[in-house]
1. Answer with yes or no whether residue 101 is part of a strand (DSSP E or B) and touching a strand residue (DSSP E or B) at 6+ places or on another chain (Cβ under 9 Å).
2. If we only count strands (runs of 3 or more DSSP E) wholly inside the range 1-77, which ones have 1 or more residues that are among the hydrophobic types (A, V, I, L, M, F, W, C), under 12 Å from residue 98 (Cβ atoms) and under 17 Å from the mean Cα position of the chain (by Cα)?
3. Could you grab the pairs with beta carbons closer than 6 Å, sequence gap of 6+ or different chains, first residue in the range 64-82 and of a type in the set (Gly, Ala, Ser), second one assigned to a strand (DSSP E or B) and surrounded by 10 or more Cβ atoms within 10 Å (Cβ to Cβ)?
4. Restricting the range 3-17 to residues that are among the aliphatic types (A, V, I, L, M) and farther than 15 Å from residue 51 by Cβ, which is surrounded by the fewest Cβ atoms within 10 Å (Cβ to Cβ)?
5. In the set 88, 56, which member is surrounded by 13 or more Cβ atoms within 10 Å (Cβ to Cβ) and either of a type in the set (Phe, Trp, Tyr) or at pLDDT 95 or above (or both)?
6. Among the residues of the range 18-30, what is the count of those that are among the small types (Gly, Ala, Ser) and surrounded by 13 or more Cβ atoms within 10 Å (Cβ to Cβ)?
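The values are calculated or read from the model by the stated rules, or taken from the named source; none is laboratory data. Bear in mind the structure is a predicted one, so any value in this text is a computation, not a measurement. In this analysis, Cβ positions are derived from the backbone assuming ideal geometry, glycine residues included, and neighbour counts consider all displayed protein chains.
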Amino acid sequence: MSKYAIIQLQGKQYQVQEGDEFLVDQLGQEAGSKFDVTDVLLLVTDKDRKIGQPLVEGAKVSCELVSNQKGEKIRVAKYKSKSRYRKVHGHRQYQSTVKVLKIA
């Protein structure tokens, strides 16, 4: 069993381990910047597990913003039968890739 944590970032929850990279909605920072996440809901190590009520006190996860990019294009289609109404729009969500450096 390895060390992992469940964190809350931008209102969403992620299960992370040291060295993991994951996608989040775009953060307002530049690539290469480092930040700490203090909203840790669960912290599991080899010896014990700490469950927050709602947050684990004193726990933090150090992260680095690897890159900002756009996600895959999705198609949004609107259609109404019997009226010849069809609209198709594309959308690409802005995303950030975050790497976990250390769980403490």
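1. Against the criterion (part of a strand (DSSP E or B) and touching a strand residue (DSSP E or B) at 6+ places or on another chain (Cβ under 9 Å)), residue 101 qualifies.
2. Numbers: elements: 4-9, 12-17, 21-25, 34-37, 40-44, 49-51.
Output list reads 4-9, 12-17, 21-25, 34-37.
3. The qualifying pairs are 67/97; 71/92; 71/93; 71/95.
4. Just the residues of the range 3-17 that are among the aliphatic types (A, V, I, L, M), to begin with: 5-7, 9, 16.
If we keep only those that are farther than 15 Å from residue 51 by Cβ too, we end up with 9, 16.
On the way: 9: 18, 16: 21.
Among residues in the range 3-17 that are among the aliphatic types (A, V, I, L, M) and farther than 15 Å from residue 51 by Cβ, the one surrounded by the fewest Cβ atoms within 10 Å (Cβ to Cβ) is 9.
5. Details: 88 fails: surrounded by 13 or more Cβ atoms within 10 Å (Cβ to Cβ).
Among 88, 56, only 56 is surrounded by 13 or more Cβ atoms within 10 Å (Cβ to Cβ) and either of a type in the set (Phe, Trp, Tyr) or at pLDDT 95 or above (or both).
6. Looking only at the range 18-30, we keep the residues that are among the small types (Gly, Ala, Ser), and these are 19, 28.
So of that shortlist, the ones also surrounded by 13 or more Cβ atoms within 10 Å (Cβ to Cβ) come out as none.
So the count comes out to 0.
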